[in-house]
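Note sheet for the following structure.
The values are calculated or read from the model by the stated rules, or taken from the named source; none is laboratory data. Quantities reported herein were computed from a predicted structural model and do not represent experimental measurements. With ideal geometry, Cβ positions are generated from the backbone for all residues, glycine too; neighbour counts draw on all protein chains shown. Surface areas here come from the heavy atoms of the whole protein model, side chains and all, with no ligands, DNA or RNA. Shrake-Rupley method; radii C 1.70, N 1.55, O 1.52, S 1.80 Å.
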Amino acid sequence: MKKLAVLLFSSVCIGMGLNIFILPLHLINGGIFGISLLIKYIWGIQVGHSMIMLNTPIYFLSLLYDKSYFINAILGLVFTSTMIDLLAPLNGLLHLPILISAILGGITIGIGVGFMIRLHISPGGIDLLALLISKSKAINPGIVMFLIDVFIIIAGIIILKDLRLIYSIIIISCVGLCVGVLNTFKSINFYVR
């Protein structure tokens, strides 16, 4: 029951972060979504098709590594995708400056992804790959995600020649920071006096 509650909360955070703060400004997030957008811009392949093609080898890798990661990744992907679509009406609800949107979007998404990864759940793609790498190499998953995402954003800036995408680095920095902090401590306890 706890896992489902965290999954629902995390999916809502990710859906809100993307729909309220990121998508209205046409920024790219890191991960498979960012790569899929780049593929669409370059070759015209639909984002959904690219996401399936790019996620498939990562999911098979997780199945070979640990079946529970595979099952949790499927759960994370289903919950997150559903929540992103359900919260699509929030797109354009707020009109904030690009810097504030990038920061708030990154923090909101980072909280969602961070809590998922704490329970070995992943919304898929790069997050799942970061989780697998962090478990095998004892590296914080937030650092792995940040490094991969920086590469994706820099590639996007070079390929699309759109300097506004520099704000995407703020997004992935906030996501990586939140994931890193939420996964640094083995347990989080709240004490009330």
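Does the range 10-45 hold any residues that are among the hydrophobic types (A, V, I, L, M, F, W, C) and within 14 Å of Ile107 (Cα to Cα), and which are they?
Result: Val12, Cys13, Ile14, Met16, Leu18, Ile20, Phe21, Ile22.
Looking at the range 58-113, which of the residues that are out of contact with any Pro (no Cβ under 6 Å at 6 or more places or on another chain) and assigned to a loop (DSSP other than H, G, I, E, B) is nearest to Val6 (Cα to Cα)?
Leu87
Inspect the range 125-132 for any residue being of a type outside the set (Ser, Thr, Tyr) and outside any helix (DSSP H, G or I) and give the result as yes or no.
Yes, the range 125-132 contains a residue that is of a type outside the set (Ser, Thr, Tyr) and outside any helix (DSSP H, G or I).
Given the residues Gly48, Gly30, which is the only one that is surrounded by fewer than 20 Cβ atoms within 10 Å (Cβ to Cβ) and either over 17 Å from Met116 (Cβ atoms) or at pLDDT below 85 (or both)?
From the options Gly48, Gly30, the qualifying one is Gly48.
Taking the range 114-123 as the search range and keeping residues that are under 11 Å from the mean Cα position of the chain (by Cα) and part of a helix (DSSP H, G or I), which one is surrounded by the most Cβ atoms within 10 Å (Cβ to Cβ)?
Step one: of the range 114-123, the residues under 11 Å from the mean Cα position of the chain (by Cα) are 114, 116-117, 122-123.
Filter again for part of a helix (DSSP H, G or I), leaving 114, 116-117.
On the way: Gly114: 25, Met116: 30, Ile117: 26.
My answer is Met116.
How about the range 131-152: which of its residues are buried (at least 24 other Cβ atoms within 10 Å of the Cβ) and either farther than 22 Å from Tyr167 by Cβ or among the β-branched types (Val, Ile, Thr) (or both)?
Leu131, Pro141
Out of the residues in the range 51-77 that are at pLDDT below 80 and over 14 Å from His120 (Cα atoms), state the one that is most open to solvent (accessible area, probe 1.4 Å).
Among those residues, the one meeting the criterion is Ile52.
How many residues does the range 85-106 contain that are crowded, with 20+ Cβ neighbours inside 10 Å and in contact with a Gly (Cβ under 8 Å, 6 or more places away or on another chain)?
Residues meeting the conditions: 2.
In this structure, does Tyr41 turn out to be open to solvent by 30 Å² or more (accessible area, probe 1.4 Å) and out of contact with any Pro (no Cβ under 9 Å at 6 or more places or on another chain)?
Yes, satisfied.
Can you find, within the range 156-184, the residue that is most open to solvent (accessible area, probe 1.4 Å) among those that are farther than 27 Å from Leu132 by Cβ and of a type outside the set (A, V, I, L, M)?
Looking at the filtered set, the residue picked out is Lys161.
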